[in-house]
Ligand SMILES: C[S@@+](CC[C@H](N)C(=O)[O-])C[C@H]1O[C@@H](n2cnc3c(N)ncnc32)[C@H](O)[C@@H]1O
């Protein structure tokens with residue numbers, strides 16, 4: 001059990017809708033639909049035609065803009081959303097798009113209290129499972145609710161990819177310390193709004209700010225190692241199906257007739273996760289040599305986990321000194337590898353920026369961040385979708 005603050009209480013207390021994708025103009029639907037279809041069909045191996053007539057459970061749909069796409073593809077939905085501030089929007093949205101009848105049930109329950117009298121072909125629980133105090137129990141419940149052979153889609157925060165996120169959060173925490181809410185939002189805009197406008201984000205800037213930079217929930221407790229999440233799904237009788245980013249490096253190399261046993265396949269998933277992890281630091285290769293030994297990959301992951309965790313904890317009380325970045329900036333020397341040019345630039349910027357966090361005032365910190373072009377270019381490599389399959 002973790003002592004993390006509750007995501008649900010944070011949302012309820014602030015009467016906040018974390019999804020907030022504006023579909024009031026139906027012309028915005030195709031772009032949103034394209035992103036969700038690409039995610040499910042192309043990246044998670046879930047054919048869209050398979051959804052037609054399927055029974056789908058989505059836990060935590062917020063205001064339902066993602067669930068809507070499943071309904072438009074012909075799925076029947078059971079929706080479980082305890083936040084009273086977003087639940088009413090779901091019905092309005094589905095009515096607006098003429099798919100109200102696709103909702104079988106809309107429950108106000110939390111995941112632990114929901115007790116359906118059937119199982120589901122697809123269970124979706126995105127954006128909250130790794131924040132829960134007892135996530136193993138939540139995963140056990142999700143597995144039980146999935147039909148044998150059915151699929152289960154969850155998200156997780158990857159510690160290695162969270163470097164850029166927690167650097168943003170550290171800069172923001174120091175630059176906005178002791179300001180009221182509107183002052184904090186103004187600081188966030190001065191730091192990040194220009195870059196945010198350039199990425200294909202779905203949510204408004206203020207929604208992202210409240211759900212990430214300003215949220216007490218986004219902290220080291222979200223850094224749940226993949227091995228532990230994977231073990232929880234295995235205990236619930238599920239196996240890895242697919243993920244984005246793809247964790248199984250060997251699939252691109254192994255002849256299809258060379259069939260791994262079930263256990264070999266799960267080992268490939270865990271090793272593949274370690275092997276691929278270093279490229280999530282900056283959405284590209286960390287080292288020039290692409291064939292680092294598995295022990296080196298493990299060291300990269302554990303160094304990043306330790307540093308990113310320390311940086312995350314620091315954002316809760318951002319007074320000097322900031323944690324030293326040496327454990328990650330010195331990885332090239334320790335492992336006898338050479339940082340790729342972009343990674344070398346990132347490490348230089350990180351060292352300079354953290355030094356400014358120790359000694360500089362608000363203006364110097366904002367200026368130093370805005371001058372860090374590599375760091376500023378890293379977005380979105382931390383939020384992973386993982387799809388598991390319940391054994392038949
Ligand atoms: C970050 S939002 C994600 C919304 C949407 N699923 C997505 O991925 O964009 C998390 C959602 O999980 C819900 N949630 C949080 N704790 C929950 C719990 N214990 N049981 C069920 N839902 C929960 C919140 O109310 C919110 O709607």
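What follows draws every value from the coordinates through simple rules; no lab data is involved. Worth saying up front: this structure is predicted, and the values here are computed from it rather than measured. Note that we place each Cβ from the backbone using ideal geometry, even for glycine, and neighbour counts take in every protein chain shown.
Counting DSSP beta bridges with both partners in the chain, what percentage is antiparallel, nearest 5? Taking every DSSP beta bridge within the chain, about 45 percent pair in antiparallel fashion.
Peptides 340-351, 62-73, ordered by how many other C-beta atoms sit within 10 Å of their residues on average, highest first, read 62-73, 340-351.
Computed over the range 1-127, the range of Cα coordinates on each principal axis works out to 40, 35, 28 Å, biggest value leading. For a modelled paramagnetic label at residue 6, 7 Å from Cα along Cα-to-Cβ, the residues of the range 97-114 in reach, with backbone nitrogen under 19 Å, are 107-114. Under 19 Å from a point placed 7 Å out from the Cα of residue 288 along the Cα-to-Cβ direction: which residues of the range 341-361 have their backbone N that close? Label zone hits: 341-349. Principal axis extents of the C-alpha atoms in the range 56-162 (largest first, rounded to whole Å): 40, 32, 24.
So for the range 166-261, Kirkwood radius off the Cα pairs, Stokes-Einstein at 10 °C and 1.306 mPa s: how many µm² s⁻¹? My calculation gives 93 µm²/s for D.
Need one word for the chain: rounded, prolate or oblate. Basis is the Cα gyration tensor (sqrt eigenvalues a ≥ b ≥ c); a/c below 1.5 gives rounded, then a/b vs b/c decides. In terms of gyration-tensor shape, oblate.
Packing-based ranking of 327-333, 153-159 yields 153-159, 327-333, ordered from highest to lowest mean Cβ neighbour count within 10 Å.
Note down the relative contact order for the range 7-157 as a percent, whole number, built from C-alpha pairs under 8 angstrom at least six residues apart.
Computed over the range 7-157, the figure is 22 percent.
The simple spin-label model puts a point 7 Å past each Cα toward its Cβ; for residue 344 and residue 48 those points are separated by 4.5 nm.
Just the projected area, averaged over all directions, of the convex hull on the alpha carbon atoms of the range 288-392: how many nm²?
Directional mean of the projected Cα hull area for the range 288-392 stands at 9.2 nm².
Normalised by the number of residues in the range 276-376, the mean separation of alpha-carbon contacts (under 8 Å, six or more apart) gives a relative contact order of 29 percent.
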